[in-house]
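Scroll down for the structure; my scribbles are underneath it.
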Amino acid sequence: MSTSSATADSSQAIKLALARIGDIATLPEITSKIISVVDDPKSTARDLHNIIKNDPALATKILKVVNSAFYGLPGQVSDLDRAIVLLGLSAVKNIAISASISRLFTSEKLSDRFTARDVWRHSVAVGVVTRQFCCLIGKRAFSEEAFLAGLIHDLGLLVERQAFPDQLADVIRAASKCERPFCEIEQEIIGADHQALGAALAAKWKFPRPLQVVLGYHHNVTNLTEDHRLLPTVVYAADVLCCHERIGFHLTAENQTLDDLLLESVGLSENDVNTVRAELPEQIEAAEAVLMD
């Protein structure tokens with residue numbers, strides 16, 4: 001198949017998927033407002049509080065997170081304003097988005113071997129590892145955005161589950177039996193891979209451009225220009241590590257590798273990967289306690 005015809009097929013599959021996905025196509029209004037507020041440099045913690053106070057479930061979730069081992073903040077916090085200040089606007093945005101999209105990761109089966117909950121467990125793990133990697137390479141201020149990027153990287157799988165459930169089951173069946181790239185199998189059976197479908201949904205939701213790029217290229221980072229490659233490459237490394245460790249749904253990057261050259265391109269080393277791998281069970285347990293209820 002020529003590149004142009006493959007692109008046309010992919011565009012058609014994406015258009016069809018977005019028309020079919022119903023409720024997934026609309027991000028909850030409160031989450032959209034929170035994203036807008038956090039992305040506005042003039043916004044304050046008070047602006048965020050005024051939105052969140054109208055959603056008791058989200059306010060409760062934020063207090064649970066701020067008091068959890070995941071953030072490791074001192075003392076117990078019972079006041080929403082203080083929680084927002086301690087966590088920071090970006091972290092609160094992450095919590096709002098994770099609370100919104102976690103409802104999409106039900107126990108419904110993707111196939112006989114995997115459920116959507118397996119995808120969520122893998123996504124939480126990739127978020128945790130991406131954040132850890134960012135801290136190791138001296139990008140701690142960037143770590144919250146990195147956590148969110150890792151958390152949502154496989155959003156396209158949910159689009160496939162709702163728009164093309166039978167085809168997705170076929171993809172999983174085929175990927176389980178061979179070592180071909182998962183995205184290549186998706187292209188053949190569905191007409192587009194979960195990267196393209198996830199990026200399309202993120203664009204519809206008006207997610208920031210860097211997050212759209214992560215969703216669209218986390219398996220093909222070498223297709224990006226140097227100045228757009230850092231975050232997708234860190235997510236790629238986190239994804240591959242979690243797939244190799246078989247955490248949750250692990251077929252998408254199970255056959256991809258972590259070579260020294262790729263790690264060095266973002267300031268990571270094999271020792272860094274091994275350090276994060278050793279801490280992974282404890283880190284994931286802390287994250288799951290607040291993100292997988």
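The values are calculated or read from the model by the stated rules, or taken from the named source; none is laboratory data. Here the structure is a predicted model, which means the values were calculated and not measured. Heads up, the Cβs are rebuilt from the backbone with ideal geometry, glycines too, and the neighbour counts pull from every protein chain shown.
If you go through the range 89-117 one residue at a time, how many are surrounded by 20 or more Cβ atoms within 10 Å (Cβ to Cβ) and either of a type in the set (D, E, K, R) or in contact with a strand residue (DSSP E or B) (Cβ under 7 Å, 6 or more places away or on another chain) (or both)?
1
Please state which of the following conditions Asp170 fails to meet, knowing it meets all the rest: (1) surrounded by fewer than 24 Cβ atoms within 10 Å (Cβ to Cβ); (2) in contact with a helix residue (DSSP H, G or I) (Cβ under 7 Å, 6 or more places away or on another chain); (3) closer than 23 Å to Phe207 by Cα.
Result: Asp170 fails condition (3) only.
Could you grab the pairs with beta carbons closer than 8 Å, sequence gap of 6+ or different chains, first residue in the range 74-99 and part of a helix (DSSP H, G or I), second one basic (Lys, Arg)?
Close Cβ pairs (under 8 Å, with a partner that is basic (Lys, Arg)) amount to Leu80/Lys53; Asp81/Arg46; Ile95/Lys61; Ala99/Lys61.
Do any residues in the range 257-270 that are of a type in the set (Val, Ile, Thr) have Cβ atoms under 8 Å from those of residues that are in a helix (DSSP H, G or I), where the two are at least six apart or on different chains, and which pairs are they?
That search, which allows pairs on different chains as well, returns Thr257/Val240; Val266/Phe133; Val266/Leu230; Val266/Thr233; Val266/Val234; Val266/Ala237.
Check the range 222-232 and report whether any residue there is β-branched (Val, Ile, Thr), more than 16 Å from the chain's Cα centre (by Cα), buried (at least 22 other Cβ atoms within 10 Å of the Cβ) and not in a helix (DSSP H, G or I).
So far as the range 222-232 goes, no, none of its residues is β-branched (Val, Ile, Thr), more than 16 Å from the chain's Cα centre (by Cα), buried (at least 22 other Cβ atoms within 10 Å of the Cβ) and not in a helix (DSSP H, G or I).
Tell me, please, whether a residue that is more than 19 Å from Ala238 (Cβ to Cβ), buried (at least 22 other Cβ atoms within 10 Å of the Cβ) and either charged (D, E, K, R) or in contact with a Leu (Cβ under 9 Å, 6 or more places away or on another chain) (or both) can be found in the range 178-190. Steps first, answer last, please.
Initially, the range 178-190 is screened for residues more than 19 Å from Ala238 (Cβ to Cβ), giving 178-180, 184-190.
Then drop every residue that is not buried (at least 22 other Cβ atoms within 10 Å of the Cβ), which leaves 186, 190.
Filter once more, so that each one left must be either charged (D, E, K, R) or in contact with a Leu (Cβ under 9 Å, 6 or more places away or on another chain) (or both): 186, 190.
Yes - at least one qualifying residue is present in the range 178-190.
Every residue, every condition in (1) at pLDDT 85 or above; (2) surrounded by fewer than 15 Cβ atoms within 10 Å (Cβ to Cβ), yes or no:
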residue	(1), (2)
Gln12	yes, yes
Asp23	no, yes
Leu58	yes, no
Leu63	yes, no
Ala69	no, yes
Val77	yes, no
Leu80	yes, no
Leu87	yes, no
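Going through the range 196-216 one residue at a time, which ones are surrounded by fewer than 22 Cβ atoms within 10 Å (Cβ to Cβ) and free of Cβ contacts under 8 Å to residues at least 40 places away in the same chain?
The answer is Ala203, Arg209, Gln212, Val213.
Scan the range 245-293 for residues that are closer than 25 Å to Ala69 by Cα, among the charged types (D, E, K, R) and in a helix (DSSP H, G or I) and jot them down.
Within the range 245-293, Asp272, Arg277, Glu279, Glu282, Glu285, Glu288 qualify.
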